[in-house]
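Reading through the structure tokens given below for one structure.
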Amino acid sequence: MQALQIAIDGPASSGKSTVAKLLAKKHGYTYLDTGAMYRAATYLALQEGLDLEDGAGIVAALDAAPISFGRNTGGEQLVYVGSIDITDAIRQPDVTQAVSTVAALPAVREKLVQQQQALAQAGEIVMDGRDIGTTVLPQAQVKIFLVASVDERAERRYKENLSRGIETDLEALKAEIAERDYKDSHRQVSPLKPAADATHFDTTGVSIDGVLAFIESEIEKIN
Ligand code: DC
């Protein structure tokens, strides 16, 4: 039987990465945060002063400083471009504000989707993003599409930012999330949208454990 592939898609701060990480840890699956890869490409573009619409230039920068993942002693995932640890840098507001522009570039998506598909060959995997069920792993046995209200997602991001020591304004976060939703859902290539065979789940007011239990019940259905 093909190794289990779990695709978790949804808009910003819908709870995808928290639940995907927990699921992977609990069941020993590999976890891939594809949003971190688009953030890494954006970081490189900003760092090197590239035009954010210059797909070929950004791909060349990614060839020169490839994205890779590691772990710190506490088991947390680290993100690198070349040998530089950018785990914290990719969560900063400058990257967050620019990432939807870079993620809309076909050349960048082609390159990162190839890398994501290659990483999925390693075995059982849980991947979170916007186009996992539609484009990256259309054959995934489990496809979940998480949603939540803009207010709740902004509150989550606000708390997450505070815990990382990043100053933010809640109202500005709401506007930024709504704008990113719009850009991610309206781009030409692989827009944010549920796969036809994805199971939808609204995480508004639901605890992380509740979301985890729901996804585990979906996995049980296929066993
Ligand atoms: O999940 P996140 O907020 O870290 O994602 C950052 C951005 O990357 C998001 O605005 C859209 C983009 N993205 C994407 O286009 N495709 C993916 N598979 C994952 C993220």
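In nm, what is the difference between 0.36 nm times the number of residues separating GLN139 and HIS186 and their Cα-Cα distance?
14.5 nm
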Most exposed first, judged by fewest Cβ atoms within 10 angstrom, LEU46, LEU23 run LEU46, LEU23
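Determine the alpha carbon to alpha carbon distance for each of LYS143/LYS221; LYS21/LYS159; LYS16/LYS111 and list only those over 20 Å.
LYS16/LYS111
Using the crude model of +1 on Lys and Arg Cβ and -1 on Asp and Glu Cβ, and no other charge, please compute the dipole size for the chain relative to its Cα centre, in debye to 20.
440 debye
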Which listed residue (ALA178, VAL150, ILE208) has the Cα farthest towards the positive end of the charge dipole for the range 123-223, taking +1 on Lys and Arg C-beta and -1 on Asp and Glu C-beta about the Cα centre? ALA178
Shape call for the range 1-97 from the C-alpha gyration tensor, a ≥ b ≥ c root eigenvalues: rounded (a/c under 1.5), prolate (a/b greater than b/c) or oblate? prolate
Could you line up ARG109, ARG130 from fewest to most neighbouring Cβ atoms inside 10 Å? ARG109, ARG130
Tell me whether the chain comes out rounded, prolate or oblate; compute the Cα gyration tensor, take square roots of the eigenvalues as a ≥ b ≥ c, and use a/c under 1.5 as the rounded threshold. rounded
Separation in nanometres of the label points that stand 7 Å from Cα toward Cβ, at ASP88 and ASP51: 3.4 nm
Any idea how far the Cα center of the range 1-30 sits from the one of the range 131-173, in Å? 13 Å
DSSP beta bridges in the range 1-147 [antiparallel fraction, %, rounded to 5]: 35 percent
What spacing in nm lies between the two simple spin-label points modelled at ARG71 and THR30, each 7 Å away from Cα in the Cβ direction? 1.3 nm
Where a ≥ b ≥ c are the square roots of the eigenvalues of the C-alpha gyration tensor, would you call the range 162-223 rounded, which needs a/c under 1.5, or, failing that, prolate if a/b is larger than b/c, or oblate? oblate
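Read-outs: derived from the displayed coordinates by stated rules, not from any lab. The model shown is predicted, which means the values in this text are computed figures rather than measured ones. Using ideal geometry, Cβ is built from the backbone for each residue, glycine included, and neighbour counts are taken over all protein chains shown.
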